[in-house]
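The values are calculated or read from the model by the stated rules, or taken from the named source; none is laboratory data. Values in this document were obtained by computation on a predicted structure and should not be read as measured data. Neighbour counts are summed over all protein chains in view; Cβ atoms, including those assigned to glycine, are modelled from backbone coordinates with ideal geometry.
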Amino acid sequence: MEISNIGIIGCGQMGSGIAEVAAKSGYEVIICEVNDKTLSMGLGKIQKSLAKAVERGKLAADVMEATLARITGTVHVADLADCDIVIEAIFEDLPTKQRVFGELDQVVKPEAILATNTSSISIAAIATATRRGDKVIGMHFFNPVPVMQLVEYVPSILTSQETIATVSALGEKLGKTGVLAKDSPGFIVNRLLVAYLLDAIRVFEQGLASREDIDNAMKLGAAHPMGPLTLSDFIGLDIIKGVADVFFEEYGESRFKAPPLLTRMVTAGHLGRKSGQGFYQYQ
């Protein structure tokens, strides 16, 4: 199926990034948020990101204007009715995602694909909320979306080959490199990454090294662009804990059990960059 119109549910960090990339690639994009205030904040995030690219000489001003002209916002799910694909990018909570997909299933045209940007939740479990399991698929982007080149395609046992081919073609047009993963919590990247981040937190918690030395060791010794504690702050400690909890429940492996320090930090509201305090302090 040829994709022309893309709907996006959620205009947070991930949803706004997906919308920016899609509109910059020439697609008409409509973003749905829960209220006008959240929508306005999300659209402002897109404009700020594009303006920064123009300021750095990476994007022409006329391209920025054309990109913004392709993006519209709404607070009504019914406005997504004519979309060829809708990509959900809300927080990691299965009942909430099932509710959203159930509503989308009632609204969008029968041939439309419903994709989720989930990083840890079963695609099949989300698909059960619809009557189009063959058209439900995971399309997991990485943050920041305009910069990161990867997207994980995650079909469930219900997903058709046609759906896989369609989203793969879309990913290519968005300038992304795709990998295909089975419907298992964490897929490829997070299955490996979360265990690494939790181990780094344990090393710090046990006093084996300072936060700076842990980060510098992995940057300079393993050629990572960002140390694990800095990366944890960037992702969001609440997100890491949420994903770890899903993994631990699914696999029962101790390496996925959230360290006590991580739990305490999340409880205290020290979530990383977005709260101004994590393993490091931020303005």
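Brief remarks on what is shown
- Which numbered condition Val179 fails, given (1) part of a strand (DSSP E or B); (2) closer than 17 Å to Val86 by Cα: (2)
- Given (1) touching a strand residue (DSSP E or B) at 6+ places or on another chain (Cβ under 9 Å); (2) within 14 Å of Pro146 (Cβ to Cβ); (3) not in a helix (DSSP H, G or I), index of the condition Ile31 fails: (2)
- Hits in segment 98-123 (condition: at pLDDT 95 or above and either in the same structural domain as Glu249 (by TED's automatic domain parsing) or under 18 Å from the mean Cα position of the chain (by Cα) (or both)): Gln98, Val100, Phe101, Ile113, Leu114, Ala115, Thr116, Asn117, Ile123
- Within segment 208-241, considering residues that are free of Cβ contacts under 8 Å to residues at least 60 places away in the same chain and β-branched (Val, Ile, Thr), the one farthest from His270 (Cα to Cα): Ile214
- Selection of first residues in segment 108-126 that are surrounded by fewer than 18 Cβ atoms within 10 Å (Cβ to Cβ) and of second residues that are assigned to a helix (DSSP H, G or I), restricted to Cβ pairs under 9 Å at least 6 apart or on distinct chains, gives the following pairs, ordered by first then second residue: Pro110/Lys135; Glu111/Lys135; Ala124/Gly133; Ala125/Leu94; Ala125/Lys97; Ala125/Gln98.
- The residue list Leu262, Leu170, Leu220 contains one member that is of a type outside the set (D, E, K, R), part of a helix (DSSP H, G or I), more than 16 Å from the chain's Cα centre (by Cα) and over 22 Å from Asn143 (Cβ atoms), which is Leu220.
- No other residue among Ala78, Ala23 is part of a helix (DSSP H, G or I), out of contact with any His (no Cβ under 7 Å at 6 or more places or on another chain), surrounded by 17 or more Cβ atoms within 10 Å (Cβ to Cβ) and free of Cβ contacts under 8 Å to residues at least 60 places away in the same chain apart from Ala23.
- Among the candidates Ile3, Ile30, Ile87, residue that is buried (at least 23 other Cβ atoms within 10 Å of the Cβ) and modelled with pLDDT of 95 or more: Ile87
- The numbered conditions (1) in contact (Cβ under 8 Å) with a residue 60 or more places away in the chain; (2) part of a helix (DSSP H, G or I); (3) not small (Gly, Ala, Ser) are all true for Val203 except (1).
- Qualifying residues in segment 191-230 (those that are β-branched (Val, Ile, Thr) and buried (at least 20 other Cβ atoms within 10 Å of the Cβ)) - the one nearest to Gly252 (Cα to Cα): Val194
- Any hit, segment 122-136, residues being of a type in the set (Val, Ile, Thr) and under 22 Å from Glu20 (Cβ atoms): no
- Residue check, Val246 at pLDDT 95 or above and under 28 Å from Asp183 (Cβ atoms): no
- Residues in segment 127-164 that are in a helix (DSSP H, G or I) and free of Cβ contacts under 8 Å to residues at least 12 places away in the same chain: Gln161 alone.
- Tally, over segment 240-259, of residues that are of a type in the set (Gly, Ala, Ser), loosely packed, with under 15 Cβ neighbours inside 10 Å and either assigned to a helix (DSSP H, G or I) or touching a Phe, Trp or Tyr at 6+ places or on another chain (Cβ under 9 Å) (or both): 1
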